[in-house]
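The values are calculated or read from the model by the stated rules, or taken from the named source; none is laboratory data. Values in this document were obtained by computation on a predicted structure and should not be read as measured data. Positions of Cβ are generated from backbone atoms using ideal geometry, with glycine treated the same way; all protein chains shown enter the neighbour counts. SASA here: full protein model, heavy atoms, side chains in, ligands and nucleic acids out. Shrake-Rupley method; radii C 1.70, N 1.55, O 1.52, S 1.80 Å.
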Amino acid sequence: VLVIRVKDVSPLVCWENTVEIFRQIDSHLSSPVLGAKNDCLWLDMRFPDGFRYVMMIRIIPTGGTAYRDWMKKNLRKKYWQHPSSSVKGEVVGDRVMAKVAGDFDLFLTVVTSKESTNPMDDAQDLLNEAVNIGFARLHKRHKKWWTTFWPKSFVQLESSLLEQLWYFSLYQLASCYRKPPVPGLCGLWFGPNDETSQMLPWHGYYTNDLNSQIVPMPVFSANHPELAEPFLKTFLNMLPEVKKETKKLYNINGAMFP
């Protein structure tokens with residue numbers, strides 16, 4: 001579950017925010033099924049080979065106090081903007097969206113058919129559990145994980161810029177490589193770019209040269225070998241499909257990684 005806290009939203013310049021879920025159009029695939037119920041929004045995507053994933057969000061309004069006193073002092077009452085007490089999502093065209101005024105917490109999860117026989121119900125259960133635990137306790141768990149991660153290695157360099165880049169790179173590795181599947185090119189980060197469609201360069205493919213291989217190389221010298229295991233599992237999980245493609249393309253048994 002990814003949890004995002006949006007706070008100190010000004011009622012003077014940002015009367016409301018819009019949270020959206022949508023998927024880029026792909027001519028080779030069918031369109032996703034979109035849905036919403038109160039503060040819960042979802043996208044249900046099915047692939048021709050049977051694979052399925054559900055992306056689901058819950059939006060929890062948390063009020064908001066930023067600039068409220070100034071607003072009440074300086075604006076006539078009819079212009080006061082009030083934070084949302086509830087959220088109601090709706091499907092609009094190719095996306096599902098909800099408007100929320102003031103501060104809010106956003107809880108997001110993705111559940112696939114590889115780990116669940118009912119991704120929709122399990123996504124709902126995950127979010128309900130996370131919302132019940134709440135942002136503060138989840139954030140405390142999150143900090144505890146990083147507290148055990150950072151002391152395992154450190155560097156001191158004459159260049160403060162290079163030293164900061166080392167720590168930032170390690171942060172990126174830990175963010176991407178905790179569990180399989182690990183991301184392909186560009187990791188979890190992309191854009192904004194100059195194109196109207198915000199896509200990962202080369203679609204984020206796994207390219208079987210140094211682009212894929214060099215990413216986990218530093219984890220051993222950085223004393224984080226646990227980050228190599230998800231990389232290994234990602235490619236091991238691909239093996240059955242790779243064998244099928246190898247037979248189809250090369251008419252040989254085994255696995256060919258071009």
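Numbers below:
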{"item": "Single match in MET199, MET256 (criterion: of a type outside the set (Lys, Arg), farther than 29 Å from SER153 by Cα, open to solvent by 70 Å² or more (accessible area, probe 1.4 Å) and in contact with a helix residue (DSSP H, G or I) (Cβ under 7 Å, 6 or more places away or on another chain))", "result": "MET256"}
{"item": "Subset of region 74-90 that is under 35 Å from the mean Cα position of the chain (by Cα) and of a type outside the set (Ser, Thr, Tyr) - its residue that is farthest from MET55 (Cα to Cα)", "result": "TRP80"}
{"item": "Matching residues, region 208-244, being more than 28 Å from TRP150 (Cα to Cα), over 25 Å from the mean Cα position of the chain (by Cα) and surrounded by 13 or more Cβ atoms within 10 Å (Cβ to Cβ)", "result": "VAL242, LYS243"}
{"item": "Top-ranked residue in region 48-73 [being open to solvent by less than 60 Å² (accessible area, probe 1.4 Å) and farther than 16 Å from MET120 by Cβ; ranked as farthest from the chain's Cα centre (by Cα)]", "result": "MET71"}
{"item": "Any pair with Cβ under 7 angstrom, 6 or more apart, that starts in region 207-223 at a residue that is in a helix (DSSP H, G or I) and ends at one that is open to solvent by 70 Å² or more (accessible area, probe 1.4 Å)", "result": "SER212/TYR206"}
{"item": "Checklist (1) more than 22 Å from the chain's Cα centre (by Cα); (2) over 23 Å from ASP44 (Cβ atoms) applied to GLY93, failing item", "result": "(2)"}
{"item": "Sole exception among (1) open to solvent by 30 Å² or more (accessible area, probe 1.4 Å); (2) assigned to a strand (DSSP E or B); (3) not charged (D, E, K, R) for ALA98, by number", "result": "(1)"}
